[in-house]
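Notes for the one structure printed next.
The values are calculated or read from the model by the stated rules, or taken from the named source; none is laboratory data. Keep in mind that this is a model prediction, so the values were computed, not measured. Cβ atoms come from the backbone with ideal geometry, glycine included; neighbour counts cover every protein chain shown. What goes into the accessible areas is simple: the full protein's heavy atoms, side chains included, and nothing from ligands, DNA or RNA. Shrake-Rupley method; radii C 1.70, N 1.55, O 1.52, S 1.80 Å.
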Amino acid sequence: MAEQLLAVAQGAVATEGVARLAVSGGNTPRRTFELLADPSGEFGTFPWDKTELFWVDERCVPPDDKDSNYRMTRLALLDKVPLAADRVFRIEGELDPHEAATRYEAVLRSRFELGAGQFPTFDLVALGMGPDGHTASLFPHTEGIHEAERIVIPNHVPQKETWRVTLTAPVINQGRQVVFLIGGADKAEVLSQVLSDKYDPETWPSQLIQPKTGKVLLLLDQAAATQLPPPDASGIGHLEITR
C-alpha cells in the first residue's frame, strides 16, 4: 500500500501538480503510515509539499480520542512528515454527525471546485473491509449504502450503537485508483462472499465499490486470501470480477 501511495502521489504531482489522497483508519493501515513516515526508507521521496490528505470516514469522537481515525494517522504519520497543516482535511468527528458531514462536504466542494451534482475525484482512495463486509462507514443494512447523490453523509450504525461520517459509494467509485488493504483470517469468508457472483450490497456493502475505471486493487495477506481461487499457472494472483 505504501508503494501504491507513493507511485500515485508522484504520478499525480507530475501531471496535475497536486496529489489528493483519501485514507482510512483502523489498525490495518497503521504499518503503511509508519513506512511512509520513515525518512531513511524508500519512501523518503514522497512529495508531501504537493499532497493533500483527506479521510474516507471518521468515528464521531474528538480528534484526540483513541478511536479517532485522524488520531491514528496523526500519531503514525502526520507528526513525522512535512505535510503542512493547511493540506490536511480531517472530518470533525467531535461535532454533531449531520453538521460534521455538512462541513466536510463543503470542504470537498471548495477544494475540488465542484459544481452542482459533481463528485470529487481523488487520485487514490484507500479502503479497508470489516469482517461484516462493510467498507468506509457503509455498514450492512444501514441507510448510507443507498445514498447515490450526496458526497458525505452521517450514517447511523445501530449494530454499533453509534454514528459515523463517511464518503458515499459514488464518491469512492469516482477515484482514479481504489485500493483495498485487507488482512486477517476473520476476513477470509466475507471476502469470498464479496467477490462471489451473488450481488447483495445490503448484506455486503463492499460490493458497492465498482470504480468507473473498472479496476479495484486488492492487497491481501495470506490469511485473508485463503478462500479465494488459487493463482494461475504463472504464479500471479489475478482475479477478474465482472457484474
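When 17, 25, 41 are screened for being touching a helix residue (DSSP H, G or I) at 6+ places or on another chain (Cβ under 8 Å) and free of Cβ contacts under 8 Å to residues at least 24 places away in the same chain, only 41 passes.
Filter region 111-120 for residues that are assigned to a loop (DSSP other than H, G, I, E, B) and surrounded by 15 or more Cβ atoms within 10 Å (Cβ to Cβ) and give the result. Before you say what the answer is, go through the steps one by one.
Quick first cut of region 111-120, residues assigned to a loop (DSSP other than H, G, I, E, B) only: 112-120.
Listed by number, the residues that qualify are 112, 114, 119, 120.
Scan region 40-62 residue by residue and report those that are of a type outside the set (Val, Ile, Thr) and more than 18 Å from the chain's Cα centre (by Cα).
Our first condition is that a residue be of a type outside the set (Val, Ile, Thr); within region 40-62, this holds for 40-44, 46-50, 52-55, 57-60, 62.
The answer is 40, 41, 42, 43, 44, 46, 47, 48, 49, 50, 62.
If you scan region 30-45, which residues turn out to be open to solvent by less than 40 Å² (accessible area, probe 1.4 Å) and either touching a strand residue (DSSP E or B) at 6+ places or on another chain (Cβ under 6 Å) or of a type in the set (D, E, K, R) (or both)? Answer for region 30-45, where residues must be open to solvent by less than 40 Å² (accessible area, probe 1.4 Å) and either touching a strand residue (DSSP E or B) at 6+ places or on another chain (Cβ under 6 Å) or of a type in the set (D, E, K, R) (or both): there is none.
Just to check your reading of the model, which residue among 52, 105, 92, 149 is within 16 Å of residue 170 (Cα to Cα), crowded, with 17+ Cβ neighbours inside 10 Å and at pLDDT 95 or above? Walk me through it before giving the result.
Details: 52 fails: within 16 Å of residue 170 (Cα to Cα); 92 fails: within 16 Å of residue 170 (Cα to Cα); 149 fails: crowded, with 17+ Cβ neighbours inside 10 Å.
Answer to the check: 105.
Scanning region 174-227 for residues that are part of a loop (DSSP other than H, G, I, E, B), more than 29 Å from residue 7 (Cα to Cα) and not basic (Lys, Arg) yields 196, 197, 199, 200, 201, 202, 203, 204, 227. When region 55-85 is filtered for residues that are open to solvent by 50 Å² or more (accessible area, probe 1.4 Å) and in a strand (DSSP E or B), only 59 remains. Annotation: residue 3 fulfils all but one of (1) open to solvent by 60 Å² or more (accessible area, probe 1.4 Å); (2) under 21 Å from residue 84 (Cβ atoms); (3) at pLDDT 95 or above; the unmet one is (2).
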